[in-house]
Amino acid sequence: MSTIISPDICPAMPDVAAARLPPALLIANFADVHPPLSLDQSAIEAARCYFCHDAPCVAACPTAIDIPGFIRAIASGNLAGAGQRILSANILGGTCARVCPTDSLCQGACVRRTQQNQPVAIGALQRVATDHVLARAQATGSHPFTRAAPSGRRIAVVGAGPAGLACAHTLSRAGHEVTIFDAKPKPGGLNEYGIAAYKMADDFAAREVAFILGIGGITLHPGQTLGDDLDLASLRDEFDAVFLAIGQAGVNALTIPGETRANVLNAVDFIADLRQAELSRVAIGRRVVVIGGGNTAIDAATQALRLGADLVTIAYRRGRTEMSATGDEQTWALTNGVALRLWSAPVAIEGDEAVRAVRFARTRLDTDGQLKLTGEHFTLEADMVLKAVGQTLAKHPPQMDACPLPQIVGGRIAVDPLTRETSVPGIFAGGDCIAGADLTVQAVEDGKRAAAGIIGFLAAGATPHG
């Protein structure tokens, strides 16, 4: 575990500033928080697995990785075989080994947990195997997967995040040509822009994307936004099928007075800027208030501390059990020194041009389960506010008679649960833009299912386009 360094050595710095800590300390604070297991450690940990038949850990994995199978391969010293098993089910297995909430998925279901409260370290073992395969592919220029004979079919994928990459890789293996369009300058989606830097250290996100594209048959076009540079009618006319993996690029507002004051930022933008900039160039306040209760709030708050903030407080309108952040993430924030103020709803951001404080109303649950205000208020001083109150679909492309828009239900694109096809034939969707758990591993499964749905759609006699 890396160390949080106190910023008290810089008492004269202004309220919001970059380089609060020396470069060496910043590097230490953002180093890989869970260094990989050694080969000896991997062998010892793999030997703890019972290799269960009908293993509950597999049932708990959205991508159904053969967990006992890959752990048995590690135990026998076959890292390449272990990695192949993982990546066959989850081509982003390296990222998932680092960021999956294993406490509520595979490790939460491990038999060792129920017996001894010490599950097998499935995520750590998965990282060892997938890192081995990626490193070997990079060193040799080879790829563990091969493409089928060219099919002559062309598919457009909008979004180069986990869902889009998983879909593209599966389609490429089937012999189809895939063109990926993405709004950002770099591919990877949230893996590149939205995950705490200490979870995805160094350039792993970029190396994983390069590995996925290495199979061939996939062309990437960055800087292309649906609705501005692209429209569904043109895509549907040019390609045989379309997969929408557009995530949730819109950000919810607090809708309270003072929200437009200086140093009031969206947490997702703060995290993205931090991921792309030199750490010494990222400005941070001394007293930071993060509003929200999800994993984004945890990532923003913990990274603010590691940049050198004196005091970081997460304020959430309900209790800990209602927070969408996992139990492990909540504990991580608290052990890193983040303060937690529960039952606190923001009502105003105070200050002149810049924020100076946030005013909160105390809340409680009424007997009917509804959130109520108690009438009490309190104020937290702040020179920076990070908003992490949820995201929404970005603006939709204009309606066109040639290609109607997919149906939207509850703010997400509605899809067939098996094929991920939308209400518009030939247009599929997956990842955070559809209903379900907003997890990397679920996005990968969405991409796989959509690819299978597209393959079935084409096999059913869809007329070639383009």
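The values are calculated or read from the model by the stated rules, or taken from the named source; none is laboratory data. Model, not experiment: these values are computed from the prediction. Virtual Cβ from ideal backbone geometry, glycine too; neighbours counted across all protein chains shown. For accessibility, only protein heavy atoms count, side chains too; no ligands or nucleic acids. Shrake-Rupley method; radii C 1.70, N 1.55, O 1.52, S 1.80 Å.
A few points about this structure:
- Residue list for the range 139-157, restricted to those being in contact (Cβ under 8 Å) with a residue 60 or more places away in the chain and either on the phi > 0 side of the Ramachandran plot or in contact with a helix residue (DSSP H, G or I) (Cβ under 7 Å, 6 or more places away or on another chain) (or both): His143, Pro144, Phe145, Arg147, Gly152, Arg153, Ile155, Ala156, Val157
- Whenever a residue of the range 75-94 is closer than 20 Å to Ala451 by Cα and modelled with pLDDT under 95, it has no partner that is part of a loop (DSSP other than H, G, I, E, B) and not acidic (Asp, Glu) lying with C-beta atoms less than 8 angstrom away and at least six residues away or across chains.
- Considered as a group, the residues in the range 168-186 that are part of a loop (DSSP other than H, G, I, E, B) and buried (at least 23 other Cβ atoms within 10 Å of the Cβ) include one that is nearest to the chain's Cα centre (by Cα), and that residue is Asp182.
- Scanning the range 15-33 for residues that are part of a helix (DSSP H, G or I) and of a type outside the set (A, V, I, L, M), we see that the one that is farthest from Phe270 (Cα to Cα) is Pro23.
- The residues of the range 187-228 include none that are of a type in the set (Lys, Arg) and buried (at least 21 other Cβ atoms within 10 Å of the Cβ).
- Residues satisfying the stated conditions in the range 108-167, i.e. assigned to a helix (DSSP H, G or I), within 29 Å of Thr326 (Cα to Cα) and among the β-branched types (Val, Ile, Thr): Val111, Thr114, Ile122, Val128, Thr130
- Candidate set from the range 64-73 (those that are in a loop (DSSP other than H, G, I, E, B) and surrounded by fewer than 21 Cβ atoms within 10 Å (Cβ to Cβ)); member that is farthest from the chain's Cα centre (by Cα): Asp66
- Output for the range 122-162, where each listed residue is farther than 30 Å from Gly426 by Cα, of a type in the set (Val, Ile, Thr) and under 25 Å from the mean Cα position of the chain (by Cα): Ile122, Val128, Thr130, Val133
- Wholly enclosed strands (runs of 3 or more DSSP E) of the range 287-382 bearing at least 2 residues surrounded by 18 or more Cβ atoms within 10 Å (Cβ to Cβ): 287-291, 311-315, 344-351, 355-365
- Residues within the range 33-47 that are modelled with pLDDT of 95 or more and open to solvent by less than 40 Å² (accessible area, probe 1.4 Å), tallied: 3
- Scanning the range 383-399 for residues that are more than 20 Å from Asp310 (Cα to Cα) and either assigned to a strand (DSSP E or B) or of a type in the set (Val, Ile, Thr) (or both) gives Val389, Gln391, Thr392.
- First in the range 376-393 and farther than 10 Å from Arg356 by Cα, second anywhere and among the hydroxyl-bearing types (Ser, Thr, Tyr) and open to solvent by 30 Å² or more (accessible area, probe 1.4 Å), Cβ under 8 Å, 6 or more apart: Ala388/Thr296
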